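Inspection log for the structure reproduced underneath, given as structure tokens.
The values are calculated or read from the model by the stated rules, or taken from the named source; none is laboratory data. Model, not experiment: these values are computed from the prediction. As a convention, Cβ positions derive from the backbone with ideal geometry for all residues, glycine included, and neighbour counts pool all protein chains shown.
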Amino acid sequence: MRKFSLLSFVLLIAAIALSSTGVQASQNAQATMAATMSGTKAMGKSHYVAFLPPAFTSPFHVAMADGAKARAAELGWKIDVQAPASEGDFAGQVALVQQLLEKGVEAVSANPIQVEAMVTGVKAANAKNVPFFMHNFITPIKEGKVASYIGYDQWGGAEKLGAYTCQLLAKKYNTTAAAAKGKVYILLGIDSIFSHRRTQGYKAGLAACPAVTVVGEQTAEWLREKGANVATAALQKTPDIDVFYGNSDEMAIGAALAADKLGLKINKDFFAIAIDGNKPTLDLIQQGKFTATLGVDPTRMGVTVIDAMNDLFNGKTLPQFLLTPSTIVDSTNINDYIAGKTWSGAVSGSAEEDNGKATVGSAGAATMAATMSGTKAIAATMAATATK
Amino acid sequence: MATTFSVESSHDARRFNVGRLLANSGPLLILVLLFVLLFIAAPSFRRPMSILLVGGQAAFIGIVAIGQTAVILTGGIDLSVEAMVGFSSVVAAILISGTNQSGGQIAGGIPSWAAIPIAILVGALIGALQGVVITSLNISPFIVTLGFLSILTGAALTLTNGSPINIKNDPFIDFLSGSIPVELNETTRFAIPIPLLLMVVLYAVMWLIMRHTKLGRYTYAIGGNETAARLSGVNVTRTKILVYGMSGLLASISGVIVMGYLQTGAYQNGTDYTLTSVAAVVIGGTALAGGAGGVWGTLIGAFIMQLVRAALLYLEVPPNAHKIVIGVIIVLAVALDVIRRGEVSWLRRMFRSHAAS
């Protein structure tokens, strides 16, 4: 027997143990400390709650978690933020829910990676009488009781971006919005209700300018690197793509960076638009490297989740579906968005189903308003580019 | 003076026979074949820019594969490279952005021309550490580098909490991941990606090391017959530590280039690089057992792997099927390697009986 085979065995076990640990956010200490310091601000009793993003690989979920943590700290609550290491590990996410229930959390909010798998977690929470919220998700699940679904209308938001695309192309090629022509490439996400609703909504918005064609759509798995690879190949196949639309910011950022490396100029040769409204995207808009994003303000969405939990603890009835607002953000209104002036607060709304149709009650008026502000925004963007 | 016959017998470049020529030109033939196929099947591939781009994107894997070649030549393997790519991209991004919190595209830390060499140096040291563990404790490279794969992934996860660290670009970063424009005439304009140039330079440097330095000769000797090499006076320990250090160094170089390209350092940068780099090495003609092969074969292997990926995208093969195709190619590559070395006895017997009749 080799002298150090025991050591290699131990190393192997250690390696396996390390790799099976989910990402643990040691936020508890920080939140409790912040709570103690702002103790005078805390109203009502302290609560212990759990917040589960699908992963931290997207700045969107980091921002939502940050918003939730900040609000929880303000209220003097203890909050546990946990997520698996990747946005594909649905089993890992359910396991985290069950562990947190064992730790005695009083409420849970999760953005489910895969909703069928999460039903197990929901039912476990129901059995313990722990209210289960879902955030960034407004599609009712088939089994189990959910206290409230908090999210934004994905179809509606994507539809606004579709109409905005018509405006962008109208200005580029000097036509009216309805007669706009051009080529669009869609970057999908991991195949899920998120990618379905957003893609279908976007295409519905594009229907306002039927001459615009979608020259391709490929998944880039919500990741910047994949977005860059897909865009590079797409531009090789079709060098004159006008618009890269990503169902999430990160993928479209990858596409924008890749196109830039190929010598194309943003806002002149091509446009990059997406959904999220994350901080890196805002920085890139300000640096003139990205066109526009659907600002859903993830930080304030996170705050809304904690406020909804607070309402529930204080005995108020919650609407089953809490819709948060979204607005198209580009260089003209970015400061308003950051300052929260475009946040009109969460309102009661209806569910979003994976049925290929617009969300019921998704305000047609909201779409029109967005298109109007979009028009003004695009005119300004064009003017700004022209003066460069 | 140490006897050199054992070194020369494993130094394949000196010997010349038809079998070896075929074996070595095999990868080149495959590359040319793939190229022609793609040229015919995808019209958009026929521009110089497209070809250069495939080369540029091959650089990310290609640079990692340089180090992997050296390691495999010694008869070892480095499974930690994909985590090293992610880890070095994270280290560089944290140093440049000045924070380990995921946030905007900022540059609040040290300048990139300082951060990037630091990240590369850290990678080289960690690679050398793996060499130390392998040699001093006599544990198989497979286990040690597998362990470090996990350690480095975990380290990158812990440093960033799993989130990407975004950086603001600057001229140096733009240069590293950019390209040199070339204008032959009015209509023929393309750009040569800098990562491609860097890759070729690094390959040339490694080739010089492998062919014209003692380190290179010792690398081949150890792969050919470690015991004989040690008995001939080769400092096996020092050679291995240097070789694993080089692998760490090269994987880190790839990591910082990826970071510059994406303007983000993330733990998952570099996913799948391990398997692809090993495939590039094996397809290029280097034996998995070590002692035979070389870096230029790996370059061809890296181009082949990237051409396959490009083909999958150009031909719009459904993304879920990509992994099947790549996996089949990797298995075929290793199978070909084994068959070529005559290690499949029933095949050998079949061909021998045919040759006899």
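A:Ile253 satisfies every condition listed in (1) assigned to a helix (DSSP H, G or I); (2) touching a residue at least 40 places away in the same chain (Cβ under 8 Å) except (2). Of B:Gly342, B:Gly291, B:Gly327, all but one fail to be assigned to a loop (DSSP other than H, G, I, E, B) and free of Cβ contacts under 8 Å to residues at least 60 places away in the same chain; the exception is B:Gly342.
Evaluation of A:Thr281 against the conditions (1) surrounded by 21 or more Cβ atoms within 10 Å (Cβ to Cβ); (2) outside any helix (DSSP H, G or I) shows that the sole unmet condition is (2). Would segment B:230-250 turn up any residue that is closer than 30 Å to A:Ser58 by Cβ and in a helix (DSSP H, G or I)? Yes, there is a match, as at least one residue in segment B:230-250 is closer than 30 Å to A:Ser58 by Cβ and in a helix (DSSP H, G or I). Among the residues making up segment A:179-195, a single one is surrounded by fewer than 21 Cβ atoms within 10 Å (Cβ to Cβ) and at pLDDT 95 or above: A:Lys183.
In this structure, A:Gln93 does satisfy being within 18 Å of the chain's Cα centre (by Cα) and part of a helix (DSSP H, G or I).
Can we say A:Leu264 is buried (at least 24 other Cβ atoms within 10 Å of the Cβ) and over 22 Å from B:Leu315 (Cα atoms)?
No.
One residue alone among A:Glu74, A:Glu106 is in contact (Cβ under 8 Å) with a residue 60 or more places away in the chain, of a type in the set (Asp, Glu) and not assigned by TED's automatic domain parsing to the domain that holds A:Ala220, and that residue is A:Glu106. Is there any pair linking a residue in segment B:34-45 that is touching a residue at least 24 places away in the same chain (Cβ under 8 Å) to one that is surrounded by 11 or more Cβ atoms within 10 Å (Cβ to Cβ) and among the charged types (D, E, K, R), with Cβ under 7 Å and at least six apart or on different chains, and which? From segment B:34-45, the pairs are B:Ser44/A:Lys237. Annotation note: of B:Ala311, B:Ala333, the sole residue that is within 14 Å of another protein chain (Cβ to nearest Cβ), part of a helix (DSSP H, G or I) and of a type in the set (Gly, Ala, Ser) is B:Ala311. Of the helices (runs of 4 or more DSSP H) lying entirely inside segment B:16-111, those containing at least 1 residues that are at pLDDT 95 or above and of a type in the set (A, V, I, L, M, F, W, C) span B:48-73, B:81-97.
Taking the criterion of being among the polar types (S, T, N, Q) and either within 21 Å of B:Gly67 (Cα to Cα) or at pLDDT 95 or above (or both), the residues of segment B:212-236 that qualify are B:Thr213, B:Thr219, B:Asn225, B:Asn235. Of all residues in segment A:300-338, those that are part of a helix (DSSP H, G or I) and either among the aromatic types (Phe, Trp, Tyr) or not assigned by TED's automatic domain parsing to the domain that holds A:Phe271 (or both) total 15.
Yes or no, residue by residue, for (1) at the interface with chain A (Cβ under 9 Å from one of its Cβ atoms); (2) farther than 30 Å from A:Leu282 by Cα; (3) among the β-branched types (Val, Ile, Thr); (4) in contact with a helix residue (DSSP H, G or I) (Cβ under 6 Å, 6 or more places away or on another chain):
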site	(1), (2), (3), (4)
B:Ile143	yes, yes, yes, yes
B:Ser150	yes, yes, no, yes
B:Gly154	yes, no, no, yes
B:Pro171	no, no, no, no
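Just so you know, in segment A:51-71 the residues that are more than 11 Å from the chain's Cα centre (by Cα) and free of Cβ contacts under 8 Å to residues at least 60 places away in the same chain include one that is farthest from the other protein chains (Cβ to nearest Cβ), and it is A:Leu52. Against the conditions (1) touching a Lys or Arg at 6+ places or on another chain (Cβ under 9 Å); (2) more than 23 Å from A:Ser192 (Cα to Cα); (3) of a type in the set (Asp, Glu), A:Asp269 satisfies every one except (1). Residue count for segment B:39-54, restricted to those that are closer than 30 Å to B:Gly123 by Cα and surrounded by 22 or more Cβ atoms within 10 Å (Cβ to Cβ): 2. Taking the criterion of being within 23 Å of A:Gln114 (Cβ to Cβ), aliphatic (A, V, I, L, M) and within 8 Å of another protein chain (Cβ to nearest Cβ), the only residue of segment A:195-229 that qualifies is A:Leu223.
Of all positions in segment A:112-124, at least one carries a residue that is over 24 Å from A:Asp297 (Cβ atoms) and within 17 Å of the chain's Cα centre (by Cα). Cβ-Cβ contacts under 8 Å between residues 6 or more apart (or on different chains), taken from a first residue in segment A:120-134 that is at positive phi to a second residue that is surrounded by fewer than 18 Cβ atoms within 10 Å (Cβ to Cβ) and of a type outside the set (A, V, I, L, M), are absent. For segment B:173-198, a residue qualifies if it is part of a loop (DSSP other than H, G, I, E, B) and within 23 Å of the chain's Cα centre (by Cα), and the qualifying residues are B:Ser177, B:Gly178. Here A:Val108 meets the list (1) more than 13 Å from chain B (Cβ to nearest Cβ); (2) aliphatic (A, V, I, L, M); (3) touching a Ser or Thr at 6+ places or on another chain (Cβ under 8 Å) almost entirely, failing just condition (3).
For segment B:125-141, the condition holds for no residue, the condition being that it is modelled with pLDDT under 95, surrounded by fewer than 17 Cβ atoms within 10 Å (Cβ to Cβ), more than 12 Å from chain A (Cβ to nearest Cβ) and not in a loop (DSSP other than H, G, I, E, B). Evaluated against (1) touching a residue at least 24 places away in the same chain (Cβ under 8 Å); (2) farther than 21 Å from B:Leu152 by Cβ; (3) part of a loop (DSSP other than H, G, I, E, B); (4) of a type in the set (Ser, Thr, Tyr), B:Thr219 falls short on exactly one condition, (3). Among the residues making up segment B:299-323, a single one is under 16 Å from B:Leu34 (Cα atoms) and of a type in the set (S, T, N, Q): B:Gln306.
Summed over segment A:183-220, the residues that are without any contact (Cβ under 8 Å) to a residue 40 or more places away in the chain and either within 17 Å of the chain's Cα centre (by Cα) or assigned to a helix (DSSP H, G or I) (or both) give a count of 3.
Yes/no matrix, rows are residues, columns are (1) crowded, with 24+ Cβ neighbours inside 10 Å; (2) within 14 Å of another protein chain (Cβ to nearest Cβ):
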site	(1), (2)
B:Ile61	yes, yes
B:Ala70	yes, no
B:Leu95	no, no
B:Ser102	yes, yes
B:Trp113	no, no
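Applying the condition of being over 21 Å from A:Cys166 (Cα atoms) and touching a residue at least 12 places away in the same chain (Cβ under 8 Å) to segment A:235-250 and asking which residue is nearest to the chain's Cα centre (by Cα) yields A:Glu250.
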